[in-house]
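The values are calculated or read from the model by the stated rules, or taken from the named source; none is laboratory data. No experiment lies behind these values; they were computed from the predicted model shown. Cβ placement follows ideal geometry from the backbone for every residue including glycine, while neighbour counts extend to all protein chains displayed.
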Amino acid sequence: MEAEQELVGGFHTEYTGIRFAIFFLAEFMNLITMCAIAVTLFLGGPAGPQLGFLDATSTINVWVMPVFWFMLKLWIVLYGTVWVRASLPRLRYDRLMELSWKLLIEAAFLWAMATAVIVVARDQGWNLWVTTPIAAAGALLVFGFLMACVPRAGELEEIR
């Protein structure tokens, strides 16, 4: 579902035929590229099990299997992304920006600080089974405190 402003002023009305198809294909090529980057960064890229009955230096284990595993992971991530994108309703931009600025950035900073605590604890030789839950609980407490202090929409008008 699109907003009226996007239907009237967007590329939906400006371009037709092949120009619209190129915009549409560019959007999905961007999606495929981002899924390929996600597979490379977070899912091990072409890493996967090899065929055990072949030599480790055989052409199939060196060239075919890595391409197979990368493409399989890419299709799984792409399927999940398209599924979520098609299933969920479109967010308004103001709510999306509010989510990003007031929730996700704070959570990312706190998670980075908790990760830094865990890395320092590992370097110092501390017990990670104790340090990791304490760092995560501390990050959650600070996050909860920050979320309790952030005014909600319409609360600023009530205060005045």
Requested in this report: Residues being surrounded by 12 or more Cβ atoms within 10 Å (Cβ to Cβ) and within 18 Å of Asn30 (Cβ to Cβ): count how many of those fall in the range 47-95.
Outcome: 6
Report task. Output the residue which, of all residues in the range 116-132 that are surrounded by fewer than 14 Cβ atoms within 10 Å (Cβ to Cβ) and polar (S, T, N, Q), is farthest from Ala148 (Cα to Cα). Result -> Gln124
Requested in this report: Report whether or not Thr59 is of a type in the set (Ser, Thr, Tyr) and modelled with pLDDT under 90.
Outcome: yes
Report task. Would you confirm whether any residue within the range 46-68 is outside any helix (DSSP H, G or I), of a type outside the set (Phe, Trp, Tyr), free of Cβ contacts under 8 Å to residues at least 24 places away in the same chain and under 30 Å from Leu146 (Cβ atoms)? Result -> no
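Here is a yes/no grid of residues against (1) in contact with a Cys (Cβ under 8 Å, 6 or more places away or on another chain); (2) modelled with pLDDT of 85 or more; (3) not hydroxyl-bearing (Ser, Thr, Tyr):
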{"position": "Ala3", "(1), (2), (3)": "no, no, yes"}
{"position": "Phe70", "(1), (2), (3)": "no, yes, yes"}
{"position": "Tyr79", "(1), (2), (3)": "no, yes, no"}
{"position": "Tyr93", "(1), (2), (3)": "no, no, no"}
{"position": "Glu106", "(1), (2), (3)": "no, yes, yes"}
